[in-house]
Amino acid sequence: GACTVHLDGQPVRSCSFPVSGVGALEVRTIEALDHPVKTAWIAHQVPQCGYCQPGQLMAAAALLDSTPAPTDDQISAKMTNICRCGTYPRIRAAIHSVAAKGGSGRSPETRPGAPTRVTPKGEGVE
């Protein structure tokens with residue numbers, strides 16, 4: 001899961017998703033992730049080797065955006081990325097800390113179910 005990106009806000013493993021399936025969908029990588037989970041990751045000292053962290057962060061952000069206050073079972077079901085360093089308790093603690101502060105990194109108008117506008121590459125949004 002280290003290759004996890006968001007396609008229209010949903011986590012997708014880019015290493016096994018055909019580029020032809022992207023079409024006009026919005027692609028967001030770790031470099032564009034602006035989410036409180038990043039701060040929580042540092043506060044809870046989640047990273048160890050760092051290999052899986054982009055994918056873990058993308059998966060956690062998507063989880064919190066769809067489920068702002070996930071239970072342990074929901075976290076276990078959605079956080080399927082492998083961490084060889086075994087920081088799962090820290091990952092869970094970081095997710096719960098974001099949930100305790102409101103959960104989502106999305107503004108209300110960009111949460112699931114809200115209308116969105118995706119523009120083809122090269123077109124500006126006015």
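Key figures for this structure:
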read-out: Residue in segment 106-123 that is under 17 Å from residue 33 (Cβ atoms), small (Gly, Ala, Ser) and either modelled with pLDDT of 95 or more or part of a helix (DSSP H, G or I) (or both) present; value: no
read-out: So residue 84, is it open to solvent by 80 Å² or more (accessible area, probe 1.4 Å) and touching a Phe, Trp or Tyr at 6+ places or on another chain (Cβ under 8 Å); value: yes
read-out: Any chance residue 56 is at pLDDT 95 or above and surrounded by 12 or more Cβ atoms within 10 Å (Cβ to Cβ); value: yes
read-out: Test: residue in segment 11-24 that is closer than 21 Å to residue 101 by Cβ and either more than 9 Å from the chain's Cα centre (by Cα) or modelled with pLDDT under 95 (or both); value: no
read-out: Residue under evaluation residue 12, criteria (1) buried (at least 19 other Cβ atoms within 10 Å of the Cβ); (2) hydrophobic (A, V, I, L, M, F, W, C); (3) part of a loop (DSSP other than H, G, I, E, B), criterion not met; value: (3)
read-out: Which numbered condition residue 90 misses (of (1) open to solvent by less than 30 Å² (accessible area, probe 1.4 Å); (2) in contact (Cβ under 8 Å) with a residue 40 or more places away in the chain; (3) not in a loop (DSSP other than H, G, I, E, B)); value: (1)
read-out: Conditions (1) open to solvent by less than 60 Å² (accessible area, probe 1.4 Å); (2) of a type outside the set (Asp, Glu); (3) assigned to a loop (DSSP other than H, G, I, E, B); (4) touching a helix residue (DSSP H, G or I) at 6+ places or on another chain (Cβ under 9 Å); number of the one not met by residue 50; value: (4)
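The values are calculated or read from the model by the stated rules, or taken from the named source; none is laboratory data. Just so it is clear, the structure is predicted and the values come from calculations on it, not from any experiment. Cβ coordinates were reconstructed from backbone atoms using ideal geometry, including for glycine residues, and neighbour counts include every protein chain displayed. SASA here: full protein model, heavy atoms, side chains in, ligands and nucleic acids out. Shrake-Rupley method; radii C 1.70, N 1.55, O 1.52, S 1.80 Å.
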